[in-house]
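Peer 1: Right, I'll just put the structure down here and ask away after.
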Amino acid sequence: MVAGICAGAVAAAVLAAGTGGAHGYSMHTDARFAPPTAFVPSAAMTYDTKLVPAGAWIEVGQRTAENGATTVRLRVEGLAPGHAYAVHVHRKPCTADPAAAGGHYQHEVGTDAAHVNADNEVWLDFTAGKDGSGEASARHDWGFRRGEASSVVIHDMPGTHGARVGCFTVPFGWVAG
């Protein structure tokens, strides 16, 4: 198990380097969830082991085209079967404190309710299948600003107000300019 987690972390680090340049940016990374107090730390933390069991798997990919259009893809395995989750890109990395990941990344930043929607944020909601797997993707005509998108947070229910039950720190790329 420890060897698998270490191998996953090394693979994630290699894959997270991504590619960029004149043809856009592409990245994918994955990890196994572990509690924040785990002996072997993980970039993926579970805060509720009933909904996001230790050892469950997550993969996030990003593709940003030259024009800035961005697609984010999510795949998970080993979560609570049949449960509906909300997943959003958040502004800060994961820590032992679920609130530390900050708020949702927003293309147009604002506290008004009109800014909280799937067009202005990255929403990756899904319902886990019978085997606990799920996937989602979101595409936008905009890209991330440097240093402002750092993680995906899994919430315990669809929408924008669910409890944070898991978090994965992701090396999102950004649009220059």
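The values are calculated or read from the model by the stated rules, or taken from the named source; none is laboratory data. On a predicted model such as this, the values are computed, not experimentally measured, just so you know. Cβ: placed from backbone, ideal geometry, glycine included. Neighbour counts: every protein chain shown. Accessible surface is based on the protein model in full, side chains and every heavy atom, while ligands, DNA and RNA are left aside. Shrake-Rupley method; radii C 1.70, N 1.55, O 1.52, S 1.80 Å.
Peer 1: In deg cm²/dmol and to the nearest 500, what is the mean residue ellipticity at 222 nm of the chain if only DSSP H runs of at least 4 residues count, each as -39500 (n - 2.57), divided by the residue total?
Peer 2: Mean residue ellipticity, 222 nm, calculated: -3000 deg cm²/dmol.
Peer 1: A further question follows. How big is the gap, in Å, between the Cα center of region 38-72 and the Cα center of region 128-169?
Peer 2: Taking the Cα centre of each part, region 38-72 and region 128-169 sit 8 Å apart.
Peer 1: Same structure again: Which stretch or stretches of region 108-127 have amide N atoms under 18 Å from the point lying 7 Å from TRP142's Cα along the Cα→Cβ direction?
Peer 2: Zone members listed by number: 108-124.
Peer 1: Counting alpha carbon pairs within less than 8 Å and at least 6 residues apart, what relative contact order, in whole percent, applies to region 34-177? Write out the running numbers ahead of the final one.
Peer 2: Working: 351 pairs, mean separation 43.1, N = 144.
Across region 34-177, relative contact order equals 30 percent.
Peer 1: Where in region 95-114 is the amide nitrogen less than 15 Å from a point lying 7 Å along the Cα-to-Cβ axis of THR160?
Peer 2: Answer for this model: 103-114.
Peer 1: Could you please state how large a percent of the accessible area of the chain is carbon and sulfur, counting protein chains only and using a 1.4 Å probe? Each step should come with its number before you reach the end.
Peer 2: Numbers: 4980 of 8730 Å².
Accessible surface attributable to carbon and sulfur in the chain totals 57 percent.
Peer 1: Looking only at THR71, THR111, THR46, which one moves most when the chain is put into a Gaussian network model with springs between Cα atoms under 10 Å?
Peer 2: THR111
Peer 1: Okay, moving on. Gaussian network model of the chain, Cα springs within a sub-10 Å range: biggest mean-square fluctuation belongs to which of PHE144, PHE39, PHE126?
Peer 2: The residue that fluctuates most here is PHE39.
Peer 1: Quick check: convex hull of the Cα atoms in region 74-177, volume per residue, rounded to a whole Å³?
Peer 2: 97
Peer 1: log10 I(q)/I(0), Debye, Cα-only the chain, no solvent, q = 0.16 Å⁻¹?
Peer 2: For the chain at q = 0.16 Å⁻¹, log10 I(q)/I(0) is -0.92.
Peer 1: Please build a GNM for the chain, connecting alpha carbons under 10 Å apart, and tell me which residue among GLY129, GLY110, GLY78 fluctuates the most.
Peer 2: Most flexible of the set in this elastic network: GLY110.
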